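The values are calculated or read from the model by the stated rules, or taken from the named source; none is laboratory data. Everything quoted here is computed from the prediction, not taken from an experiment. Here the Cβ positions follow ideal geometry from the backbone for every residue, glycine too, while neighbour counts run over all protein chains shown. For the accessible areas, the whole protein counts, side chains as well, though only heavy atoms, and no ligand, DNA or RNA atoms are used. Shrake-Rupley method; radii C 1.70, N 1.55, O 1.52, S 1.80 Å.
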Amino acid sequence: MSYSVTVLDLTVIDQEDDTYRITTPTAVDDLAVSIRHAGLINPPILFKKQDRYRIVAGFRRIAAMQQLNCRQISARVMPMESSALECSRVAIADNTSQRKLDLLEVSRALALLDACVEDREYLFKEAKSLGLPDNHHHIEKIMGLCRLPQLIQTGVFLNRISLNMAAELHEFEMPAAILLARVFMELKLNRNKQKEICTHIKEIARREKCSTHEILLAEGIPEVLGDKDLDNLQKTRLVRLNLRRRRFPNLLLAEDSFQHNLRQLNLGNGIRLLPPEYFEGTSLKLRMSFKNMNELKEQIDSLNKTLINPHLKKIFNY
């Protein structure tokens, strides 16, 4: 492909048109310093659209020139007959030739190709020839990432939301997906906890025939996130517990029964009997705290009396 090289005023370049933008980083300070010292070595590539020019490659170079208060810029202009597919190829090749693309950039590149071709096999072939992933399943999963809400994209970029989880959030209603992304990022939940929460919400929605967003609001998730008196561990536990209680109604009954019988034991301040987390399993924990031998003896005597308390047997039979 032959380009015409020309010098243009920056004002005729449409910097609001992000059609072919692939790059994630937007800061241009370092690039501006480089251009100031060595000049613009690699001119951007443009495509003329009516009386203005669309950027095909070189968004950051143009932004850096503007930051340097340059009024004009040397550019390469693609032929008028260039197709959207040809422009997409140039945009992708310009980026992949400079560095390894991050996940979001790969998604944008694939989405560009997807908008230009209808045949899936041709899309896969184009992707491979441009240095993009060639695994068909992986391509399908990545491609939709750049169409997700910005918060989810940010979560993936920061490695707080996995690609698989981003794809799962895509199945939720938009308000629910965004709220869940907030939960995952603000509480810094690991993948297992993220998966657990999503599974509970979907199962509740199916059983109760209600929206996933309604469930999140009903369980007070926004209020939990905004509670300044709770730390992240407490918030995480509260979110998980609330959803588990609603998903498994018998859990609440088991907890109420346990607490009722525990009060009847009168263990005292130095002894704590703890149920299994979420009442899963059959192992209980006993914690004792004492300052001297006399306190230890008193607590052992108290435990011996507890062994014949009928409410202890009810605890083991919850």
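Between the Cα long axis of helix 84-96 and the first principal axis of the chain there is an angle of about 70°, rounded to the nearest 10. Taking the 1.4 Å solvent-accessible surface of the range 242-318 as the whole, the part contributed by carbon and sulfur is 53%. Between the range 241-318 and the range 98-134, the alpha-carbon centres lie 58 Å apart. Peptides 64-74, 161-171 ranked from most to least packed give 161-171, 64-74, packing being the mean of other C-beta atoms within 10 angstrom over each peptide's residues. Whole Å is fine, so just give me how far the alpha carbon centre of the range 192-212 lies from that of the range 1-23. So the separation of the two Cα centres works out to 46 Å. Sequence-ordered 3J(HN,Hα) estimates for the range 183-194 from the Karplus curve with 6.51, -1.76 and 1.60 and θ = phi - 60° stand at 4, 4, 7, 5, 8, 6, 6, 7, 5, 5, 5, 4 Hz, glycine and proline given as x.
What's the FRET efficiency of Asn192 with Asp119 using the Cβ-Cβ distance as r and R₀ = 35 Å, to the nearest 0.05?
Values: r = 39 Å, r/R0 = 1.11.
The value I calculate is 0.35.
Relative contact order of the chain: what whole-number percent is it, with Cα pairs under 8 angstrom and at least 6 residues apart? Don't skip to the end; give the middle numbers.
Numbers: 360 pairs, mean separation 33.8, N = 318.
Reported as a whole number, the value is 11 percent.
R0 = 30 Å: FRET efficiency of Ser4 with Ser34, Cβ-based, nearest 0.05?
Working: r = 26 Å, r/R0 = 0.85.
Calculated value: 0.70.
Leaving out ligands, DNA and RNA, and with a 1.4 Å probe, what % of the accessible surface on the range 1-92 is carbon or sulfur?
On the way: 2430 of 5040 Å².
The computed percentage sits at 48.
Please label the shape of the chain as rounded, prolate or oblate, based on the square roots a ≥ b ≥ c of the eigenvalues of the alpha-carbon gyration tensor (a/c under 1.5 means rounded; beyond that, a/b larger than b/c means prolate, else oblate). Here the chain falls in the prolate category. Distance between the pseudo-spin-label points of His260 and Ser283 (7 Å out from Cα toward the beta carbon): 2.9 nm.
Accessible surface for the range 1-129, divided over its residues, is 54 Å² per residue with a 1.4 Å probe.
Out of the DSSP beta bridges found with both residues in the range 13-126, what percent are antiparallel (nearest 5)? Mind dumping the intermediate values first?
Values: 5 of 9 bridges.
Here the share of antiparallel DSSP bridges comes out near 55 percent.
The stretch between Asn294 and His137, if pulled fully straight at 0.36 nm per residue, gains 49.8 nm over its current Cα-Cα span. Ranked by the mean number of other Cβ atoms within 10 Å of their residues, highest first, the peptides 173-181, 12-20 come out as 173-181, 12-20. Beyond 18 Å in Cα-Cα separation lie the following of the pairs Lys193/Lys228; Lys285/Lys313; Lys141/Lys188; Lys49/Lys100; Lys188/Lys228: Lys193/Lys228; Lys141/Lys188; Lys49/Lys100. Projecting the Cα atoms of Leu68, Pro44, His138 onto the dipole axis of the range 1-143, where Lys and Arg carry +1 and Asp and Glu carry -1 at the beta carbon, places Leu68 farthest toward the positive end.
So for each of 49-56, 238-245, 253-260 I average, over its residues, the number of other beta carbons within 10 Å; can you give me the resulting order with the highest mean first?
238-245, 49-56, 253-260
What is the helix-to-structure angle for 232-247, meaning the angle in degrees between its Cα long axis and the longest Cα principal axis of the chain, kept from 0 to 90 and rounded to the nearest 10? Once rounded, the angle reads 80 degrees. What a 1.4 Å probe finds exposed on the range 122-178 is 54% carbon and sulfur by accessible area, rounded to a whole percent.
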